[in-house]
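A.B. asks: First, the structure itself, so that you have it in front of you.
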Amino acid sequence: MFENLQQIIKKEEVAEQLFHSLIGIEVQERRVDQFGRLSTKVVPDRLALNPSHPYLKVDKTGTKFKVVTDPNPNIGGVLDQLDTLQTALYRTLESGDRIWPLSTSPEPAKDASTTGTHVNYSIPDPVINRLFSHYTDDFETVSQFKNALYMHLVHNFIRYQWLLTYLFGSSPTGTKNYRSTRALEIGLQRTSGLEQHYLTFDKHIAFLNRLIAEGQSKGVSGFEAPIRFRGETQPDRLKAMGVRYLELKVLDNTPFHPNGVSRHALYFIKLFMIYLLVTPESPDNLETVLREGILKNQQVAMEAPETHTAFEDEGVAVLNDVKTMANDLNAHVEQAEVLDDFLEEMTHPELTPAVMLSSRAGEQKISEFALEVATRWLAERLGSRQLLPGMSRLTAKTQEVILLAIQYGIQYFQIKDELGGDMLMLTYDSITQVVLLTDIEKYQPRELIRKLFPAMGL
């Protein structure tokens, strides 16, 4: 059905909008003490007392955090916000706690689960509408078309997820020299025959409803999988309203970038998702193709990191196809250039994060190396002259207001008024206040927050 999408994209001239698809980041990470052990200290009140915090979420154990950005069409914008949120988290932690840089746990005996980076991806609505105009004979509504289009993306994602596991896997353990234990923990191979529930969107909705009826899940987000449909909490409403975005839960955290994910990785993810969008499926043997994709991902995850993957030739072919597509759609230079780096990584496993982790650790245990990284990151964050280095253009007082806003769960956006004046828009508990940056200088930061949101009781 979607065999000619690339030509339609070119005809409708929406490639540029596709390159600006919305990206949001959720980085799961653990806090540890100065010895690299899971922290047992009380969660700071500013985080513990706000379960609906938009940016900094704490799990029930109190040791895992999730740092959540707003969706953004620009990679630079989402990374700038991620850096600011990470800095705010560091400045909120107490008693020398720091962030563990690996996906694997420092104490598997206490908590063997992994953490990782989630990427939320959505196709812009104007692009959806333009593409829908070519499929009005097949779908009655935009929502039906959108659900089918995202289902098509998911099919190809399952088919090629193994490539992401090879390029970004970095969670070996002390007992298993695997490329990515996280890919195995959340992979679809955990349940035999699960590919049957991904054959059509309706079948997937029926599967999610069955899980809820059997008490195995409370909603759409209760089903653990490497890729999930998001937008509504309940399956039937998701179907009726249409998928809003896809949640990709496939990236291991990297100790080589203090925010947990690199700019290169996000550039690649955007191009990869467009490639999945324009790549035709195999409808006649879809179930077999999905099952093969699931098993390939399992095999790649279990490979010794230093070895060439069994699917190296196919990986090179896919990356070359992505490069051809990027050139055909006039991708931005900085986006297209990253493909050369990943092509080299495809044939040189020593360049993959899993091998680089062992190489950087050297004679040390990986846990010792990770603690050194965690300690260095803490010193760099807290030792900066700027309160929020990612917002160095703002005054010290404005940075402090934004830090307080983040810590207490107030959403913030920098905007301009009709005359071009810089403003800060703050939202808490459905109440929105807007203040000129010049007016912020008239108040002490905490006093200003109290004035804007007296019900907070700050």
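A.B. asks: As a check on your grasp of the helix formula, calculate [θ] at 222 nm for the chain: sum -39500 (n - 2.57) over DSSP H runs of n ≥ 4, divide by the residue count, round to the nearest 500.
C.D. replies: Details: 18 runs with 210 residues, N = 458.
Result for the chain: -14000 deg cm²/dmol, rounded to the nearest 500.
A.B. asks: Next question, about the same structure. For Ser384 and Glu287, calculate 0.36 nm times their separation in residues minus their Cα-Cα distance, and state this gained length in nm to one decimal.
C.D. replies: 29.6 nm
A.B. asks: Ok, one more. With the crude spin-label approximation of a point 7 Å out along Cα→Cβ, what separation in nm comes out for Asp138 versus Asp439?
C.D. replies: Output for this residue pair reads 5.1 nm.
A.B. asks: Here's something else I'd like to know. Straight-line reach from Lys218: which aspartates and glutamates have a Cα under 19 Å away, not including same-chain ones fewer than 8 places off?
C.D. replies: The qualifying aspartates and glutamates are Asp59, Asp202, Glu232, Asp236, Glu247.
A.B. asks: Still on this structure, I have one more. Only Cα pairs under 8 Å and at least 6 apart count here; give the relative contact order of the range 343-426 as a rounded whole percent.
C.D. replies: Computed value for the range 343-426: 12 percent relative contact order.
A.B. asks: Round to the nearest 0.05 the FRET efficiency obtained for Met302 and Val42 when R0 = 25 Å and r is the Cβ-Cβ distance.
C.D. replies: Working: r = 39 Å, r/R0 = 1.56.
For Met302 and Val42, the calculated efficiency is 0.05.
A.B. asks: Order the peptides 81-87, 413-419 from the highest to the lowest mean number of other Cβ atoms within 10 Å of their residues.
C.D. replies: 81-87, 413-419
A.B. asks: Pull up all non-local amide H partners of Val250: gap of 5 or more, or a different chain, and H-to-H distance under 5 Å with H placed in the peptide plane.
C.D. replies: Val119
A.B. asks: Between Asn74 and Glu214, what is the label-point separation in nm under the 7 Å Cα-to-beta-carbon projection?
C.D. replies: Computed distance between label sites Glu214 and Asn74 equals 4.7 nm.
A.B. asks: Pairs of alpha-carbon atoms within less than 8 angstrom and 6+ residues apart define the contacts here; what relative contact order does the range 386-458 have, in percent? Intermediate results must be reported in sequence, preceding the final value.
C.D. replies: Values: 81 pairs, mean separation 17.7, N = 73.
Once divided by the residue count of the range 386-458, the mean separation gives 24 percent.
A.B. asks: Return the distance in nm (one decimal) between the two label points of a simple spin-label model at Glu3 and Thr375, each offset 7 Å from Cα along Cα→Cβ.
C.D. replies: Reported label-point gap for Glu3 and Thr375 is 6.2 nm.
A.B. asks: Below 8 Å between Cα atoms, with a sequence gap of 6+, how large is the relative contact order for the range 5-361 in percent?
C.D. replies: Once normalised by length, the contact order is 21 percent.
A.B. asks: Using modelled backbone amide H atoms (1.01 Å from N, in-plane), which distant-in-sequence or interchain residues come within less than 5 Å of Val243's amide H?
C.D. replies: Correct list: Asn147.
A.B. asks: Send over the per residue convex hull volume for the range 394-456, Cα only, as a whole number of Å³.
C.D. replies: Hull volume normalised by residue count: 76 Å³.
A.B. asks: Another question, then. Once fully extended, how much extra length lies between Asp125 and Thr395, figured as 0.36 nm per residue of separation less the alpha-carbon to alpha-carbon distance?
C.D. replies: 93.6 nm
A.B. asks: Give the Cα extents of the range 309-358 along the principal axes, in whole Å, largest first.
C.D. replies: Result for the range 309-358: principal-axis Cα extents of 37, 22, 10 Å.
A.B. asks: Cα-Cα pairs above 42 Å in the chain: how many percent?
C.D. replies: The proportion of pairs with Cα distances above 42 Å equals 17 percent.
A.B. asks: Skipping prolines and chain starts, which residues have an amide H placed within reach, meaning under 5 Å, of the one on Ser217, given they are 5 or more residues away or on another chain?
C.D. replies: Hits under the 5 Å cutoff: Ile212.
A.B. asks: For the range 213-228, what does the Karplus curve 6.51 cos²θ - 1.76 cosθ + 1.60, with θ = phi - 60°, yield as ³J(HN,Hα) per residue in whole Hz, taken in order and with x for Gly and Pro?
C.D. replies: Using θ = phi - 60°, the values come out as 4, 8, x, 8, 7, 9, x, 4, 7, x, 8, 7, 7, x, 9, 9 Hz.
A.B. asks: Sorting Leu22, Leu199, Leu167 on the 10 Å Cβ count, fewest up front, what's the list?
C.D. replies: Leu199, Leu22, Leu167
A.B. asks: If you don't mind, another one. If the viscosity is 1.002 mPa s and the temperature 20 °C, what Stokes-Einstein diffusion coefficient in µm²/s follows for the range 45-141 when Rh is the Kirkwood radius over Cα pairs? Intermediate values should be presented prior to the final figure.
C.D. replies: Values: Rh = 16.7 Å.
Translational diffusion coefficient: 128 µm²/s.
Throughout, read-outs are computed from the coordinates displayed, never taken from laboratory work. Quantities reported herein were computed from a predicted structural model and do not represent experimental measurements. Neighbour counts are summed over all protein chains in view; Cβ atoms, including those assigned to glycine, are modelled from backbone coordinates with ideal geometry.
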